[in-house]
Amino acid sequence: MTARGRWLVDAVASALVAVAIWAFFGHAFLNYDSMYALVWGDDVAHGRTPEYDAPVAPTPHPLAIAVGAVLSPLGDGAAEAIFLALVLLGFGALVVGLLRLGAESFTLAVGALAALVFLTRVPPLNYGIRGYVDLPTVALIVWAAVLEARRPRRGLAVLVLLGLAGLLRPEAWLFAALYWVWLVVPVGQAERAAARLPAWAQRLGYALAGVRPPRRAWRERLGLALLAAAAPLVWALSDLAVTGDALWSLHGTSDLAAQLERPTGIERVPELLPRRLGEILRLPELICAVAGAAAGLLWLRRRTLVPLAVATVNGIAYVAFAIAGLSLLTRYLFLAAAMLSVLAAVAIAGWRRLPAAHPWRGRWRAAGAVLLLAVVAFAPQQAGRLSDLRADIAERDRVRDDLRALVTGDEAARAALERCGTLFLPNHRNVPELAYWLDRRPTAIVSAIREAPTRDGAFLAPTPRAAPFSILDPRDATLPADEVPAGYRLAAANRSWRLFTGPACS
């Protein structure tokens, strides 16, 4: 198959996986962060300065905001649908990328198993069906790894993919920087550095690297360096243009983590890193990943280095987040989990890459069969977790649809919102949706936890049944579902939401 034909097949396969994910859930919607990207993109498209400093606003992601700006003229409904479709397509591309990475480095069976393992994990599906940009980010990095596995030190194409990923998530900056070093360290310099090491270390280094670094002209090194640095520079310049602070995203994200009491700090890494990986892959897959890494390094060393290196760099980035005071969230380890899925598949099917006469091929095959049985034994439990997630997503989507129907389709609610001043909510969860649907600035929609409702305001609250599905995190502060500001009267309602108006605008 030609390269163009292969890319076409991969694109179609990615779209089919995205459709399959949507079909399984039957519901999908954009999360808090992605809705803010649409709000800020709409601001950019209309010449307004995005309100990065809105209370409890998420980290701004330049590429997501740019997509929001491009989609803005299509209207809020079409923009949301296309943004969500792009995220799901990114998830599909990630799954297909894992298949290709496993096939390029090992065998098609390894790639297929890796893709299946990751595709059936609850946390990635949960974040993917809610439109988080983390999955497209991981997809870009995985495809960069695929290109590198196909042709070591490919250069430009890999850096372009890492640069795009770096406009969505900052950990991609580390990948771009290390890849640049991998590309440009000259042979002589590498050999002089290696000469200072013991002979065994020299042999190990060259064995792990597989090939020695090529010679590159200084002009080429500089061009590659500029490309590798492009994403953090664009991010910093966009922060500077909007806020006057080139490090706004770092400062704002760190402050928000402290404000929301999210787990942070280097001392939490030994506890949280393995726990987060376990939340994604669960115990049988983690055991397989450890076994696959060990077997791969013993008998398929050069082929195992790419997934192992990518997982390691993701772990280093996680530690860097801890040092910077950022939240240590599960989704920041999706990339490492994807690579561990490949290694888990290696434990089960990697023996197929060994020569038929290899003395360990039969033993590896037997061990792989045992590990596969362990994974299959936990399949019913995993199916139950997926079923619970599907029910939860359906309920959240229903509550969100009811919110939109009330504020945009109910005449009494629309009249009340036009008549009243500030719109107050029990918490910050629905601020970006309402800002986007009602064409308001996020700062004009206020959490009643942060500011007491005024007499001329409106108050929008979920019913007690809908309340659990209208918050981001159960730990987040929120008003009780039955608490209404004093003097406020009911103006409109549906099965999930109630709109109250203050005494000065009733």
query: Regarding Val370, is this residue free of Cβ contacts under 8 Å to residues at least 12 places away in the same chain, among the β-branched types (Val, Ile, Thr) and in the same structural domain as Gly92 (by TED's automatic domain parsing)?
result: yes
query: Out of the residues in segment 133-176 that are of a type in the set (Val, Ile, Thr) and assigned to a helix (DSSP H, G or I), which is surrounded by the fewest Cβ atoms within 10 Å (Cβ to Cβ)?
result: Val160
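β-branched (Val, Ile, Thr) and in contact with a Gly (Cβ under 8 Å, 6 or more places away or on another chain): is that true of Val39 in this structure?
yes
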- request: Select the strands (runs of 3 or more DSSP E) contained entirely in segment 431-493, then report the ones holding at least 3 residues which are surrounded by 16 or more Cβ atoms within 10 Å (Cβ to Cβ) and not β-branched (Val, Ile, Thr).
  value: 458-462, 489-493
message: Just to verify a result, which residue in segment 45-72, among those that are modelled with pLDDT of 95 or more and charged (D, E, K, R), is surrounded by the most Cβ atoms within 10 Å (Cβ to Cβ)?
response: Glu51
task: Looking at (1) part of a helix (DSSP H, G or I); (2) touching a Pro at 6+ places or on another chain (Cβ under 9 Å), find the lone condition where Leu328 falls short.
output: (1)
- line: The one condition Pro485 fails out of (1) more than 29 Å from Ala258 (Cα to Cα); (2) in contact with a Gly (Cβ under 8 Å, 6 or more places away or on another chain) is (1)
field: Scope segment 460-506; condition under 15 Å from Leu423 (Cα atoms) and among the β-branched types (Val, Ile, Thr); matching residues
entry: Val484, Thr501
task: Within segment 494-504, track down each residue that is crowded, with 18+ Cβ neighbours inside 10 Å and farther than 13 Å from Thr463 by Cβ.
output: Thr501, Gly502
task: Go through the residues of segment 94-114 one by one and say whether even a single one is buried (at least 24 other Cβ atoms within 10 Å of the Cβ), within 17 Å of Leu164 (Cα to Cα) and under 12 Å from the mean Cα position of the chain (by Cα).
output: yes
message: Can you find a residue that is in contact (Cβ under 8 Å) with a residue 12 or more places away in the chain and not in a helix (DSSP H, G or I) anywhere in segment 386-408?
response: no
message: Can you tell me how many residues within segment 440-458 are within 28 Å of His46 (Cβ to Cβ) and hydrophobic (A, V, I, L, M, F, W, C)?
response: 4
- prompt: If we scan segment 226-245, do we find a residue that is crowded, with 18+ Cβ neighbours inside 10 Å and farther than 18 Å from Trp173 by Cα?
  reply: yes
- request: Under 8 Å between Cβ atoms, at least 6 apart or on separate chains: pull out the pairs that start in segment 218-229 with a residue that is assigned by TED's automatic domain parsing to the domain that holds Gly163 and within 19 Å of Gly166 (Cα to Cα) and end on any residue that is of a type in the set (Val, Ile, Thr) and in a helix (DSSP H, G or I).
  value: Leu224/Val184; Ala225/Val184; Leu227/Val160
query: Conditions: (1) of a type in the set (Ser, Thr, Tyr); (2) closer than 27 Å to Asp476 by Cα; (3) over 19 Å from the mean Cα position of the chain (by Cα). Thr49 meets all but one. Number of the miss?
result: (2)
query: Any idea how many residues of segment 24-38 are part of a helix (DSSP H, G or I) and either among the β-branched types (Val, Ile, Thr) or in contact with a Leu (Cβ under 9 Å, 6 or more places away or on another chain) (or both)?
result: 6
message: Anything in segment 319-361 that is touching a Lys or Arg at 6+ places or on another chain (Cβ under 8 Å), free of Cβ contacts under 8 Å to residues at least 60 places away in the same chain and within 30 Å of Gly252 (Cβ to Cβ)? List them, or say none.
response: Ala322
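The values are calculated or read from the model by the stated rules, or taken from the named source; none is laboratory data. Computed from a predicted structure; not experimentally measured. Methodologically, a virtual Cβ is constructed for each residue, glycine included, from the backbone with ideal geometry; neighbour enumeration extends over all protein chains shown.
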